[in-house]
Amino acid sequence: MSDARDEAAECIFCRIVRGEIPSQEVARTAEAYAFRDLNPQAPTHVLVVPVRHAANLGDFVAAAERDEVGHVLALASQIGREASPGGYRVVINEGVDGGQTVHHLHLHVLAGRALTWPPG
Ligand code: DGP
């Protein structure tokens, strides 16, 4: 088994996508899955993840086929707009300095309150 397949077998978000770990589904497509964050930072806090395992945004973009990147962004936008006509925020953390704790690319969709800037 390759290293990438080993990584996907153990990855917590891959396991959520496969239904091995329960999650609160918001949307599912062939290429992406959206579910509620365990530790919400806003009234709506949804994570959008690509089905294909990639550790972070840079790795995902580097190996992206067709319009995979556009697809996850479009799903995040749809969820944000539906949750809050007044606006929403999409956040992607990468690496230690970016505050990434789960190493499968995920887009945080935050909505339902006025969000401050700059982030911490
Ligand atoms: P980040 O710091 O950008 O890597 O964010 C990881 C997010 O993932 C964090 O907001 C909490 C969430 N999270 C971690 N484990 C689980 C889980 O098992 N289920 C769900 N629904 N969310 C999780």
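Report the extension gain between R15 and Q78 in nm, rounded to one decimal, defined as 0.36 nm multiplied by the number of residues separating them, less their alpha carbon distance. That pair, R15 and Q78, stretches by 20.3 nm at full extension. Per-residue Karplus couplings for the stretch 14-23, computed as 6.51 cos²θ - 1.76 cosθ + 1.60 with θ equal to phi - 60°, are listed in order as 4, 5, 5, 4, 7, x, 7, 10, x, 8 Hz, Gly and Pro entered as x. Listed peptides 73-83, 109-119 appear in the order 73-83, 109-119 once ranked by packing, highest mean of other Cβ atoms within 10 Å at the front.
If you average 1/r across every pair of different Cα atoms in the stretch 42-85 and take the reciprocal, what Kirkwood value do you get, in Å? Numbers along the way, then the final one.
Numbers: mean 1/r = 0.0866 Å⁻¹.
The Cα-based Kirkwood calculation yields 11.5 Å.
Taking amide H positions as modeled 1.01 Å from N, with prolines and chain starts lacking one, the residues under 5 Å from V26 and 5 or more places away or on another chain are A34, F35, R36.
Extent of the chain along its three principal axes (Cα atoms, max minus min coordinate, largest first): 46, 30, 29 Å. Taking Cα centre as origin and charging only the Cβ of basic (Lys, Arg, +1) and acidic (Asp, Glu, -1) residues, the dipole magnitude of the chain rounds to 500 debye.
Remark: spin-label model distance V102-R28 equals 1.6 nm, labels positioned 7 Å along the Cα→Cβ axis.
Using a cutoff of 8 angstrom between alpha carbon atoms and counting only pairs six or more residues apart, the relative contact order for the stretch 1-114 works out to 29 percent. In whole percents, the pair-distance distribution calculated for the stretch 1-45 from its alpha-carbon pairs, binned every 5 Å from zero, is 5, 19, 25, 22, 16, 8, 4, 1, 0.
Computed from the coordinates by the stated procedures, all read-outs in this text should not be read as laboratory data. Quick caveat: nothing in here was measured; it's all calculated off a predicted structure. No Cβ is skipped: glycine too gets one built from the backbone with ideal geometry, and neighbour counts run over all protein chains shown.
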